[in-house]
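Trainee: Sharing a structure here in C-alpha coordinates format.
The values are calculated or read from the model by the stated rules, or taken from the named source; none is laboratory data. Predicted model only: the values in this text are computed from it and were never measured. Virtual Cβ from ideal backbone geometry, glycine too; neighbours counted across all protein chains shown. Keep in mind that these areas ignore ligands, DNA and RNA; they rest on the heavy atoms of the full protein, side chains included. Shrake-Rupley method; radii C 1.70, N 1.55, O 1.52, S 1.80 Å.
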Amino acid sequence: NKKFSKFIKSLVLFKDEFSILLNKPHGLAVQGGTKIKLNIDIMLDSLKFSLTEKPRLVHRIDKQTSGLLLIARTLQSSKYYGDLFKKRLIEKIYLAIVNGCPKYKKAKIMLSEGEKKQIESLTFFKVLNSKNNISFLVIKPITGRKHQIRNHLNYIGNQIIGETKFKNDNPTIKPTTKYLHLHAFSLR
(Lines give C-alpha, C1' and ligand atoms only; values in the text may rest on other atoms or scores of the structure.)
Protein backbone atom coordinates (compact mmCIF):
# COMPACT_ATOMS: atom_id res chain seq x y z
CA ASN A 1 0.00 0.00 0.00
CA LYS A 2 1.61 3.25 -1.16
CA LYS A 3 -0.09 5.24 1.59
CA PHE A 4 1.41 3.03 4.34
CA SER A 5 4.78 2.92 2.57
CA LYS A 6 4.94 6.73 2.52
CA PHE A 7 3.79 6.86 6.16
CA ILE A 8 6.39 4.41 7.53
CA LYS A 9 9.17 6.13 5.57
CA SER A 10 8.13 9.46 7.11
CA LEU A 11 8.96 7.99 10.56
CA VAL A 12 12.62 7.29 9.69
CA LEU A 13 15.03 9.43 11.71
CA PHE A 14 18.24 7.61 10.82
CA LYS A 15 19.33 4.86 8.43
CA ASP A 16 22.63 3.14 7.75
CA GLU A 17 23.59 -0.24 6.30
CA PHE A 18 22.75 -2.06 9.57
CA SER A 19 19.81 -0.27 11.16
CA ILE A 20 16.89 2.09 10.85
CA LEU A 21 15.75 4.28 13.71
CA LEU A 22 12.05 5.17 13.70
CA ASN A 23 10.17 7.82 15.66
CA LYS A 24 7.08 5.73 16.45
CA PRO A 25 3.94 7.76 17.13
CA HIS A 26 1.53 7.12 19.98
CA GLY A 27 -1.21 4.66 19.05
CA LEU A 28 0.72 2.65 16.46
CA ALA A 29 1.41 -0.95 17.53
CA VAL A 30 4.81 -2.47 16.87
CA GLN A 31 3.35 -5.94 16.23
CA GLY A 32 -0.08 -7.33 15.40
CA GLY A 33 -2.45 -8.88 17.89
CA THR A 34 -6.10 -9.09 18.80
CA LYS A 35 -7.96 -6.17 17.23
CA ILE A 36 -4.70 -4.73 15.81
CA LYS A 37 -4.72 -4.53 12.04
CA LEU A 38 -2.12 -1.84 11.37
CA ASN A 39 1.34 -2.20 12.89
CA ILE A 40 4.98 -1.48 12.15
CA ASP A 41 5.83 -5.14 11.54
CA ILE A 42 3.52 -5.43 8.51
CA MET A 43 4.97 -2.24 7.01
CA LEU A 44 8.65 -3.29 7.23
CA ASP A 45 8.80 -4.36 3.56
CA SER A 46 8.57 -0.66 2.72
CA LEU A 47 11.84 -0.05 4.58
CA LYS A 48 14.05 -2.30 2.44
CA PHE A 49 15.34 0.71 0.50
CA SER A 50 18.31 -0.66 -1.53
CA LEU A 51 18.48 -4.04 0.24
CA THR A 52 16.62 -7.22 -0.67
CA GLU A 53 16.12 -8.48 2.90
CA LYS A 54 13.06 -7.43 4.87
CA PRO A 55 14.05 -5.42 7.97
CA ARG A 56 13.40 -7.05 11.34
CA LEU A 57 12.15 -5.90 14.73
CA VAL A 58 14.72 -6.27 17.52
CA HIS A 59 12.70 -4.81 20.41
CA ARG A 60 9.24 -3.40 21.12
CA ILE A 61 7.63 -0.45 22.83
CA ASP A 62 3.98 -0.24 23.91
CA LYS A 63 1.38 0.87 21.39
CA GLN A 64 0.59 3.91 23.58
CA THR A 65 4.26 4.89 23.97
CA SER A 66 5.85 7.22 21.42
CA GLY A 67 9.50 7.42 20.52
CA LEU A 68 12.55 5.60 19.26
CA LEU A 69 12.32 2.12 17.79
CA LEU A 70 15.39 0.34 16.39
CA ILE A 71 14.89 -1.83 13.31
CA ALA A 72 17.60 -4.19 12.02
CA ARG A 73 18.11 -4.12 8.24
CA THR A 74 19.55 -7.65 7.89
CA LEU A 75 19.38 -11.01 9.64
CA GLN A 76 22.99 -10.57 10.79
CA SER A 77 22.35 -7.12 12.30
CA SER A 78 19.12 -8.45 13.84
CA LYS A 79 21.11 -11.11 15.71
CA TYR A 80 23.71 -8.52 16.75
CA TYR A 81 21.21 -5.98 18.11
CA GLY A 82 19.03 -8.71 19.60
CA ASP A 83 22.04 -9.97 21.53
CA LEU A 84 22.85 -6.46 22.77
CA PHE A 85 19.28 -6.02 24.05
CA LYS A 86 19.31 -9.49 25.64
CA LYS A 87 22.59 -8.72 27.45
CA ARG A 88 21.23 -5.28 28.46
CA LEU A 89 24.05 -3.48 26.67
CA ILE A 90 21.71 -0.98 25.03
CA GLU A 91 20.78 1.85 27.35
CA LYS A 92 17.17 3.04 26.97
CA ILE A 93 16.06 6.42 28.30
CA TYR A 94 12.42 7.49 28.54
CA LEU A 95 10.67 10.73 29.47
CA ALA A 96 7.33 10.79 31.28
CA ILE A 97 4.88 13.24 32.82
CA VAL A 98 3.31 11.75 35.94
CA ASN A 99 0.69 12.53 38.53
CA GLY A 100 2.02 13.89 41.81
CA CYS A 101 5.55 14.41 43.06
CA PRO A 102 7.57 11.25 43.75
CA LYS A 103 8.75 10.89 47.35
CA TYR A 104 12.38 10.89 46.21
CA LYS A 105 13.97 13.07 43.51
CA LYS A 106 16.19 10.19 42.40
CA ALA A 107 15.40 6.52 43.05
CA LYS A 108 15.22 2.97 41.82
CA ILE A 109 12.17 0.75 41.71
CA MET A 110 12.70 -3.00 41.95
CA LEU A 111 9.78 -5.41 41.76
CA SER A 112 9.24 -9.12 41.33
CA GLU A 113 6.67 -9.65 38.60
CA GLY A 114 4.88 -12.61 37.08
CA GLU A 115 2.14 -14.99 38.06
CA LYS A 116 3.83 -18.39 37.69
CA LYS A 117 7.49 -17.39 37.75
CA GLN A 118 8.73 -14.35 39.65
CA ILE A 119 11.05 -12.21 37.53
CA GLU A 120 12.94 -9.19 38.85
CA SER A 121 12.42 -5.84 37.15
CA LEU A 122 14.48 -2.72 37.79
CA THR A 123 13.90 0.91 36.83
CA PHE A 124 15.82 4.06 37.78
CA PHE A 125 14.23 7.51 37.61
CA LYS A 126 15.07 11.13 38.31
CA VAL A 127 12.64 14.02 38.74
CA LEU A 128 13.57 16.81 36.34
CA ASN A 129 10.81 19.19 37.43
CA SER A 130 7.65 19.28 39.58
CA LYS A 131 4.90 21.85 39.55
CA ASN A 132 1.18 21.89 40.37
CA ASN A 133 1.23 18.25 41.46
CA ILE A 134 2.67 17.03 38.14
CA SER A 135 6.24 15.82 37.64
CA PHE A 136 8.49 15.44 34.62
CA LEU A 137 10.78 12.39 34.90
CA VAL A 138 13.71 10.88 33.07
CA ILE A 139 13.57 7.09 33.34
CA LYS A 140 16.12 4.35 32.72
CA PRO A 141 14.73 0.81 32.73
CA ILE A 142 17.45 -1.78 33.30
CA THR A 143 15.29 -4.81 32.58
CA GLY A 144 12.74 -4.86 29.79
CA ARG A 145 9.55 -6.39 31.15
CA LYS A 146 6.18 -5.84 29.49
CA HIS A 147 4.68 -2.50 30.63
CA GLN A 148 7.56 -2.19 33.14
CA ILE A 149 7.78 1.60 33.38
CA ARG A 150 4.02 2.02 33.49
CA ASN A 151 3.70 -0.64 36.19
CA HIS A 152 6.59 0.71 38.29
CA LEU A 153 5.38 4.32 38.28
CA ASN A 154 1.86 3.19 39.11
CA TYR A 155 3.27 1.07 41.96
CA ILE A 156 4.91 4.10 43.62
CA GLY A 157 1.71 6.14 43.20
CA ASN A 158 2.89 8.37 40.37
CA GLN A 159 0.86 7.15 37.43
CA ILE A 160 1.78 8.41 33.99
CA ILE A 161 -0.65 11.03 32.67
CA GLY A 162 -2.96 9.33 30.17
CA GLU A 163 -2.45 5.84 31.66
CA THR A 164 -5.26 3.41 30.84
CA LYS A 165 -3.74 0.00 31.60
CA PHE A 166 -3.06 0.48 35.30
CA LYS A 167 -5.83 2.14 37.27
CA ASN A 168 -5.11 4.75 39.94
CA ASP A 169 -8.03 5.32 42.31
CA ASN A 170 -6.85 8.78 43.36
CA PRO A 171 -5.07 10.57 40.54
CA THR A 172 -4.15 14.11 41.55
CA ILE A 173 -4.73 15.34 38.01
CA LYS A 174 -7.57 14.05 35.87
CA PRO A 175 -6.07 13.69 32.38
CA THR A 176 -7.60 15.86 29.68
CA THR A 177 -5.78 13.89 27.02
CA LYS A 178 -6.08 10.40 25.62
CA TYR A 179 -2.31 10.20 25.06
CA LEU A 180 0.03 8.35 27.38
CA HIS A 181 2.77 10.81 28.33
CA LEU A 182 5.62 8.31 27.95
CA HIS A 183 8.28 8.80 25.27
CA ALA A 184 11.22 6.56 24.32
CA PHE A 185 13.76 9.37 24.14
CA SER A 186 17.16 7.75 23.66
CA LEU A 187 18.87 4.49 22.71
CA ARG A 188 22.59 4.11 23.23
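Trainee: Is the C-alpha gyration tensor of region 31-105 telling us rounded, prolate or oblate? Criteria: a/c under 1.5 is rounded; beyond that, a/b larger than b/c is prolate, otherwise oblate. Write down the numbers at each step before the final one.
Mentor: Numbers: a/c = 2.88, a/b = 1.59, b/c = 1.81.
Verdict is oblate for region 31-105.
Trainee: Calculate the dipole size of region 1-155 relative to its Cα centre from +1 charges on Lys and Arg beta carbons and -1 charges on Asp and Glu beta carbons; express the result in debye to the nearest 20. Let's see the in-between values first.
Mentor: Numbers: 31 positive and 11 negative charges, 50 e Å.
That gives a dipole near 240 debye.
Trainee: Of TYR104, TYR81, TYR94, which has the largest mean-square fluctuation in a 10 Å C-alpha GNM of the chain?
Mentor: Fluctuation is largest for TYR104.
Trainee: Here's another thing I want to ask about it. With a 1.4 Å probe and every protein chain left in place, work out the accessible area per residue of region 19-63 in Å², rounded to a whole number.
Mentor: Details: 2400 Å² over 45 residues.
Solvent-accessible surface per residue comes out at 53 Å².
Trainee: Cα-based Rg (one decimal) and Dmax (whole number) for the chain, in Å?
Mentor: Rg and Dmax of the chain, Cα atoms, are 17.5, 53 Å.
Trainee: Counting C-alpha atoms alone, how compact is region 113-154: give Rg to one decimal and Dmax as a whole number, in angstrom.
Mentor: 12.6, 40
Trainee: Could you work out how far the C-alpha centroid of region 1-65 sits from that of region 103-123, in angstrom?
Mentor: Rounded to whole Å, the Cα centres lie 30 Å apart.
Trainee: List the lysines whose Cα sits under 21 Å from the Cα of LYS103, skipping any in the same chain fewer than 8 residues away.
Mentor: Qualifying lysines at Cα under 21 Å: LYS126, LYS131, LYS140, LYS167, LYS174.
Trainee: Now for a different question. For the chain, with all protein chains present and a 1.4 Å probe, just round the carbon and sulfur fraction of the accessible area to a whole percent. Spell out each step's value before the answer.
Mentor: Details: 6040 of 11520 Å².
Carbon and sulfur atoms account for 52 percent of the accessible area of the chain.
Trainee: Which cross-chain or sequence-distant (5 or more) residues have an amide H under 5 Å from the amide H of ILE134, H modelled 1.01 Å from N in plane?
Mentor: Placed amide hydrogens put GLY100 under 5 Å from ILE134.
Trainee: Of VAL127, HIS26, ILE156, which is farthest along the charge dipole of the chain in the positive direction, counting Lys and Arg as +1 and Asp and Glu as -1 at C-beta?
Mentor: HIS26
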